[in-house]
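Here the structure comes first, spelled out in structure tokens, and everything after it is commentary.
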Amino acid sequence: MERPLTEHIKPGAPPLTFEEYRKAGGYEGVRKALKEMSPTEVTNLIKDAKLLGRGGAGFPTGVKWSLVPMEPDRSKPKYLVCNADEMEPGTFKDRYLLEGNPHQLIAGMIVAAYAIQADKAYIFLRWAYKKAEKALRKALAEAYEAGYLGENILGSGFNLDLNIHVSAGRYICGEETALLNSLEGKRAIPRTKPPFPAASGLFGRPTVVNNVETLSWASHIVSHGAAWFKSLSLTETGGTKIFGVSGRVKNPGLWELPMGTTVREILEEHAGGMTEGYRFRGALPGGASTDFLVEQHLDIQMDFATVAAAGSRMGTGTMIILDDKTCPVAFLKNIERFFALESCGWCTPCREGLPWVEKILTAIEEGRGRMEHLDTLKSQTKYLAPGHTFCAHAPGAAEPLQSGLKYFHDDFVQHIHDKKCPWK
């Protein structure tokens with residue numbers, strides 16, 4: 001089984017140097033793109049490969065790149081931004097890539113920047129990722145010294161200045177326009193769309209924002225082709241995916257597996273199954289902002305379309321497991337508290353609704369709940385749904401709640417009838 005993204009990452013060993021990664025073929029995609037392909041040909045190749053964004057939304061990467069206007073005036077800058085502000089609870093895949101093989105990301109960013117003809121790029125890095133920052137700064141220095149960053153890269157006439165921006169650390173920066181505001185030194189709040197970043201992004205110029213895992217694929221696809229990328233998958237969605245599991249399992253961690261690997265295989269074969277004495281009750285399949293999957297869903301394939309058909313989202317592909325000895329009401333209260341605290345406060349449903357949801361969940365969990373509280377929570381999931389808020393923060397927070405009310409309804413009722421939490 002091929003594992004292109006993780007094959008050079010060795011636990012406990014330092015990441016490959018520039019020269020080691022180049023000798024392993026890691027920068028071949030950069031050389032091929034700049035020497036043999038036009039920017040449009042690179043974008044079309046990514047389109048043909050059907051690379052979907054690995055940050056959570058699953059938007060076609062090549063389509064996003066193609067929305068950038070390719071005006072001939074190179075005096076006006078364009079920007080490429082890598083979202084490395086990995087704040088989704090339960091998600092740690094990008095950290096693994098950044099710490100284990102930073103040159104892979106740099107190579108992918110060079111290819112992506114060339115495709116959209118951006119001459120300036122930023123890695124927007126989560127403040128807590130100190131080890132990743134150290135590895136990235138070393139790798140950037142090596143790439144500059146080798147002539148793969150800076151002016152006239154490989155004699156192609158293409159220039160790229162790549163910098164790291166360490167973020168202040170807010171969940172809302174996962175929303176690309178809030179990230180751009182933060183990068184400009186402004187308050188991290190979402191922008192009105194349209195215009196979309198591809199037309200008017202960073203400093204009002206055309207900008208593409210992609211996730212670490214997404215950009216890490218770019219050089220590999222140029223090196224090996226669209227057909228190779230598609231062949232790595234078990235479904236129509238191409239490539240491999242870095243899946244993760246956290247919770248009471250025997251072997252929590254990350255694994256690069258074919259897109260379309262089943263929930264059951266990830267949980268039982270790779271994560272080792274549930275810890276002794278614990279039973280599986282549910283999983284948030286793509287971080288905290290996704291709907292629960294339960295036992296009836298264990299045999300579905302993990303890809304964007306299949307998980308959506310099951311009523312959830314694949315999101316980041318990193319599962320958070322709920323076991324039978326953890327109170328689902330307390331579990332949800334903890335999640336909703338996080339989202340309430342991380343709201344940017346820009347729109348009323350999110351700013352006022354999420355703290356209200358947390359307050360009601362706290363009352364139910366502490367034995368002060370009433371049956372009408374369940375109707376209130378259900379109504380809140382509708383008010384927080386897409387189209388009612390300025391960005392996707394509140395709709396994401398509503399997903400675990402709405403599915404939790406569905407699958408764990410009896411647990412909520414027991415809390416209310418017994419006037420206490422059964423797990424205490």
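Within segment 196-233, what residues put their amide N at less than 13 Å from the label point 7 Å along the Cα-to-Cβ vector of residue 1? Under cut-off, by backbone N: 232-233. Counting only Cβ charges, +1 for Lys and Arg and -1 for Asp and Glu, the dipole size of the chain around its Cα centre is about 740 debye.
Per residue, the average separation of C-alpha pairs within less than 8 Å and at least 6 apart gives the chain a relative contact order of 16 percent. Using a simple spin-label model with pseudo-atoms 7 Å out from Cα toward Cβ, residue 299 and residue 59 lie 3.6 nm apart. Between the amide H of residue 322 and those of 281, 282, 283, 284, distances stay under 5 Å, these residues lying 5 or more places away or on another chain, with hydrogens modeled in the peptide plane.
Rounded to the nearest Hz, the phi-derived 3J(HN,Hα) couplings of segment 307-316 under the Karplus curve 6.51 cos²θ - 1.76 cosθ + 1.60 (θ = phi - 60°) are 5, 5, 5, 7, x, 9, 9, 6, x, 7, where x marks glycine and proline. Each Cα pair under 8 Å and six or more residues apart adds its sequence gap; the mean of these over the residue count of segment 274-424 is a relative contact order of 26 percent.
One Cα centroid belongs to segment 290-347, the other to segment 92-137; the line between them spans 27 Å. Each of the peptides 412-423, 27-38 was scored by the mean count of other Cβ atoms within 10 Å over its residues; in descending order, highest first, they stand as 27-38, 412-423.
Gyration tensor over the Cα atoms of segment 304-424: the corresponding equivalent ellipsoid has semi-axes (square roots of 5 times the eigenvalues, largest first) of 23, 18, 12 Å. Charged neighbours of residue 183, selected by a Cβ distance under 14 Å, balance to +3 (K, R count +1; D, E count -1). Taking 7 Å steps out from each Cα toward its Cβ at residue 383 and residue 156 produces label points 5.2 nm apart.
The packing ranking, built from the mean of other Cβ atoms within 10 Å per residue, places the peptides 219-231, 8-20 in the order 219-231, 8-20, highest first. Of the residues 287, 312, 272, the one whose Cα sits farthest towards the positive end of the charge dipole of segment 240-323 is 287 (charges of +1 on Lys and Arg Cβ, -1 on Asp and Glu Cβ, taken about the Cα centre). For segment 174-219, applying the loop criterion from DSSP together with a ceiling of 15 other beta carbons within 10 Å to the trypsin sites (Lys or Arg not before Pro) yields 186, 187. Distant-in-sequence amide contacts of residue 259, defined by a placed amide H-H separation under 5 Å and a gap of 5 or more residues or a different chain, comprise 234, 240, 241. Scattering from segment 90-240 was approximated by placing one identical point on each alpha carbon and applying the Debye formula without solvent; log10 I(q)/I(0) at 0.18 1/Å stands at -1.22. Cross-link check: pairs 76/230; 131/186; 120/241; 47/193; 78/130; 134/193 evaluated at a Cα-Cα cut-off of 31 Å; pairs beyond the cut-off: 76/230; 134/193. Sequentially through segment 136-148, phi angles give Karplus couplings (6.51, -1.76, 1.60; θ = phi - 60°) of 5, 5, 5, 5, 4, 4, 5, 5, 5, 4, 7, x, 8 Hz, Gly and Pro residues having no value and appearing as x. Would you mind pulling out the separation of the Cα centroids of segment 218-257 and segment 1-77, in Å? Answer, in whole Å: 15.
So if we plug the beta-carbon distance of residue 413 and residue 268 into 1/(1 + (r/R0)^6) with R0 = 25 Å, what FRET efficiency do we get, rounded to 0.05? That pair, residue 413 with residue 268, gives E of 0.20. Across segment 55-60, computed HN-Hα scalar couplings (Karplus, 6.51 cos²θ - 1.76 cosθ + 1.60, θ = phi - 60°) run x, x, 7, x, 6, x Hz from first to last residue, x flagging Gly and Pro.
Per-residue ellipticity at 222 nm from helix content only, as computed over the chain with -39500 (n - 2.57) for each DSSP H run of at least four residues, stands at -12000 deg cm²/dmol.
The lysines whose alpha-carbon is closer than 20 Å to the alpha-carbon of residue 419, local same-chain residues fewer than 8 away aside, are 325, 333, 359.
Every number in this text was worked out from the coordinates using simple rules, so none of it is lab data. All values derive from a computational prediction rather than experimental measurement. Heads up, the Cβs are rebuilt from the backbone with ideal geometry, glycines too, and the neighbour counts pull from every protein chain shown.
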